[in-house]
Amino acid sequence: MEKYVIRGGNPLRGTVDISGAKNAAVAIIPAAIMVRGVCRLENLPQISDTDTLLRVLSYMGASVRTINRSTVELDCTNVKLDSLSEDIWALTRRIRASYYLIGAMLGRFGAACSTMPGGCNFGLRPIDQHIKGLTALGADVRVEGGFIRAAARDGHLHGTKIYLDKVSVGATINIMIAAATAEGVTVIENVAREPHIVDLANFLNSMGADVRGAGTDVIKIRGVKELHGGTYALIPDQIEAGTYMAAVAATGGAVKIANVIPKHLDCISSKLREMNVEIEEGDDYVLVRREGDLRHTNVKTMPYPGFPTDMQPQIGTVLCCASGLSVITEGVWDNRYKYIEELRKMGAQIQVDGRTAFIQGVDRLTGATVRACDLRAGAAVVIAGLAADGVTRVEDIQYIERGYQNIVGKLQALGADIKCVDEPDEPSALRPAWIAG
Ligand code: UD1
């Protein structure tokens, strides 16, 4: 199996270009189903999640033309519901964002079907708020046999007022997509404010929708008859940028993180500054430098503009290299500490109690064979490997490649000793029994 082999200890230096935002891409690609005409998407990240969704659309009858590494032209004019098939379900089961296909199909055809979403396992990932919103718009939604099926009660959706009981990125996005062509006005209250929510709204508006308020906690959508083609460039990936910032903090060195929106990184920059990392902001870059020792701090994850849960494993790894005791409180997911078992194999000292992790900094992490338990947990063990003494082997890298474009090439260009090799996994007999089981 392919794995990353990392010889740690090199400080990172140079410039890294950040790719387009994964979580914007996985919302915008399904939303393109609503568009009749050619939709040109620029700054799309080349990662397996976007590849999977583009294949889904292509199986559904869309024409997908690759213009260059980050630009795709999508024409969903001929997409049809009767093209849904087992080939599509095999793909949609792999990713979380497949539930956005429901909002998009409902908006375009008044009916929809998809598998229950896959993606990272952080404990319970309910979709009750998606169902609540789509039902309020006039759809009957059923979950049965691993599928979500929805149909507009009178053939099309109607605008209404929806209050989300929980701030949910996914529910906000799904309802926004479906409401773009609903009859009348939809007001969604207590919505998520993440940068990719704003990006989706900007995408929909540039295709003819009328969405206002994205980035605040109330979004108002005046339904339009249909969406037309156009060109849209996605925002840079906040979490990919944050991951490289955390990597520099862990290894030391100085790196220019280019093609970013520094404002989106404020929550990450301010935590890193508390930890003795210097951060200088430019128009579309941040310079990250760490020369002295790292200081401990406390982190609580929250919806945007709070500290992102998707940066929790990476910052947790950096805190392993800081002096003193740090406390992390996970405010979004029930079970997002699976990476800690992997870090312990590298000498990290961490105790977990419910949603709280107590991290006692150590002088050095040491290389070991570890797993990427999910996408960001995978990024965390890569960072640990870069900072550790000796050699780290990271297995199950398919999770990392769901969301990081060319992570090996980008890190190599910064001076890291990392390569992707194809070698057999460590025999389970050599692993502790609790892993082999
Ligand atoms: C998205 C991101 C994920 C990130 C998360 C929080 C994508 C593809 N994934 O996931 O990387 O970690 O936002 O920033 O964009 N909830 C409910 N009912 C629902 C929906 C959610 O109770 O119907 C709860 C969840 O259990 C969780 C919280 O709300 O505790 C936030 O979930 P949500 O924002 O919906 O996360 P996702 O959209 O799944």
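Every number in this text was worked out from the coordinates using simple rules, so none of it is lab data. None of these values were measured; they are calculated from a predicted model. All Cβ positions, even for glycine, are placed from backbone atoms using ideal geometry, and neighbour counts span all protein chains on display.
Look at Gly118 and say whether it is part of a loop (DSSP other than H, G, I, E, B) and either among the acidic types (Asp, Glu) or closer than 20 Å to Ile28 by Cβ (or both). Yes.
In the set Gly361, Gly415, Gly385, only one residue is at positive phi, of a type outside the set (D, E, K, R) and more than 16 Å from the ligand (Cβ to nearest atom); that residue is Gly415. Looking at Arg94, Arg153, which is the one that is free of Cβ contacts under 8 Å to residues at least 60 places away in the same chain, of a type outside the set (Phe, Trp, Tyr) and within 14 Å of the ligand (Cβ to nearest atom)? That would be Arg94, the only listed residue that is free of Cβ contacts under 8 Å to residues at least 60 places away in the same chain, of a type outside the set (Phe, Trp, Tyr) and within 14 Å of the ligand (Cβ to nearest atom). Of these, Asp51, Asp87, Asp17, which one is surrounded by fewer than 21 Cβ atoms within 10 Å (Cβ to Cβ) and within 16 Å of the ligand (Cβ to nearest atom)? So the residue among Asp51, Asp87, Asp17 that is surrounded by fewer than 21 Cβ atoms within 10 Å (Cβ to Cβ) and within 16 Å of the ligand (Cβ to nearest atom) is Asp51.
Scanning the stretch 1-22 for residues that are outside any strand (DSSP E or B) and either over 15 Å from the mean Cα position of the chain (by Cα) or under 25 Å from Phe109 (Cβ atoms) (or both) gives Met1, Gly8, Gly9, Asn10, Pro11.
Right, Asp310: in a loop (DSSP other than H, G, I, E, B), of a type in the set (Asp, Glu) and out of contact with any Pro (no Cβ under 9 Å at 6 or more places or on another chain) or not?
no
Scanning the stretch 279-307 for residues that are part of a strand (DSSP E or B), away from the ligand (no atom under 16 Å from the Cβ) and under 22 Å from Arg344 (Cα atoms) yields Arg295, Asn298. Inside the stretch 160-189, residues that are without any contact (Cβ under 8 Å) to a residue 40 or more places away in the chain, away from the ligand (no atom under 11 Å from the Cβ) and of a type outside the set (A, V, I, L, M) make up a count of 5. Across the stretch 315-334, the number of residues qualifying as crowded, with 17+ Cβ neighbours inside 10 Å and either in contact with an Asp or Glu (Cβ under 6 Å, 6 or more places away or on another chain) or over 19 Å from Asp353 (Cα atoms) (or both) comes to 3. Each residue in the stretch 247-278 was checked for being in a helix (DSSP H, G or I), buried (at least 17 other Cβ atoms within 10 Å of the Cβ) and touching a Pro at 6+ places or on another chain (Cβ under 9 Å), and 6 of them qualify.
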